[in-house]
Amino acid sequence: MCVLPFWTQFFPAQVYLTLKRLKPSTSVGPDGIPNVLKNCATAVSLPLSHIFDTSFKDSILPCSWKTANVLCSLSSRGCTSNPTNYRPISLTSTCCRAMDRIINNDILNFLLDNHLITRHQHGFICKMSICTNLLECLHDWSINLQS
């Protein structure tokens, strides 16, 4: 039985790549830092990797990383005049989102490397989707119909 690693290390190169993959946004989270970290990823990746390491090791996050500005401004479906058709959007800290993505990738890679996620899982897996799931099902059905 495999046990999840209790320690994740945050390398500057990993932080740099994560920051470079951030979507550009003009929205600011509760910490007041705009999404300009993408543009200065080279300069901030080393200090952020130390902050992430320390936060993770000590199990302490800055207070502004634990909060979000919640907006109800995105229409999800149907008539735009109906308030129930809107969904909330949480604007979180850019630093916290970057740290979250690194931890999420580490856990997912561990689960995939140790075969703890079935190959039939398509949701939340890179390069897998509902389309790949449907294509795989169609392929299986076609083979079964032929035999």
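The values are calculated or read from the model by the stated rules, or taken from the named source; none is laboratory data. For clarity, every value in this text was computed on a predicted model and none was experimentally measured. Cβ placement follows ideal geometry from the backbone for every residue including glycine, while neighbour counts extend to all protein chains displayed.
Results, tabulated for the structure shown:
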quantity	calculated
Single residue of region 90-110 satisfying the filter (in contact (Cβ under 8 Å) with a residue 60 or more places away in the chain, of a type in the set (A, V, I, L, M) and under 22 Å from Gln14 (Cβ atoms)) that is surrounded by the most Cβ atoms within 10 Å (Cβ to Cβ)	Ala98
Pairs with Cβ under 7 Å, 6+ apart, first in region 47-68 and in contact (Cβ under 8 Å) with a residue 12 or more places away in the chain, second assigned to a helix (DSSP H, G or I) and not hydrophobic (A, V, I, L, M, F, W, C)	Ser49/Pro12; Leu61/Ser55
Subset of region 121-147 that is in contact with a helix residue (DSSP H, G or I) (Cβ under 9 Å, 6 or more places away or on another chain) and surrounded by fewer than 10 Cβ atoms within 10 Å (Cβ to Cβ) - its residue that is nearest to Asn109 (Cα to Cα)	Cys126
Residue that is modelled with the lowest pLDDT [pool: residues in region 23-38 that are surrounded by fewer than 16 Cβ atoms within 10 Å (Cβ to Cβ) and more than 20 Å from Leu61 (Cα to Cα)]	Thr26
Among residues of region 72-98, those that are out of contact with any Ser or Thr (no Cβ under 8 Å at 6 or more places or on another chain), under 24 Å from Asn39 (Cβ atoms) and at pLDDT below 85, counted	1
In region 47-56, residue farthest from Pro34 (Cα to Cα) [restricted to those that are among the polar types (S, T, N, Q) and buried (at least 16 other Cβ atoms within 10 Å of the Cβ)]	Ser55
Yes/no for Arg87 being surrounded by fewer than 13 Cβ atoms within 10 Å (Cβ to Cβ), on the phi < 0 side of the Ramachandran plot and in contact with a strand residue (DSSP E or B) (Cβ under 7 Å, 6 or more places away or on another chain)	yes
Condition met for Ser59 (loosely packed, with under 13 Cβ neighbours inside 10 Å and small (Gly, Ala, Ser))	yes
Pairs where the first residue, in region 121-137, is assigned to a helix (DSSP H, G or I) and the second is at pLDDT 85 or above, C-beta under 7 Å, 6+ apart	none
Filter pass, Ser81 being in contact with a Gly (Cβ under 8 Å, 6 or more places away or on another chain), over 20 Å from Gln14 (Cβ atoms) and either in a loop (DSSP other than H, G, I, E, B) or not hydrophobic (A, V, I, L, M, F, W, C) (or both)	no
Only listed residue being modelled with pLDDT of 75 or more, outside any loop (DSSP other than H, G, I, E, B) and either more than 27 Å from Met128 (Cα to Cα) or of a type in the set (Phe, Trp, Tyr) (or both), chosen from Leu17, Leu46, Leu112	Leu46
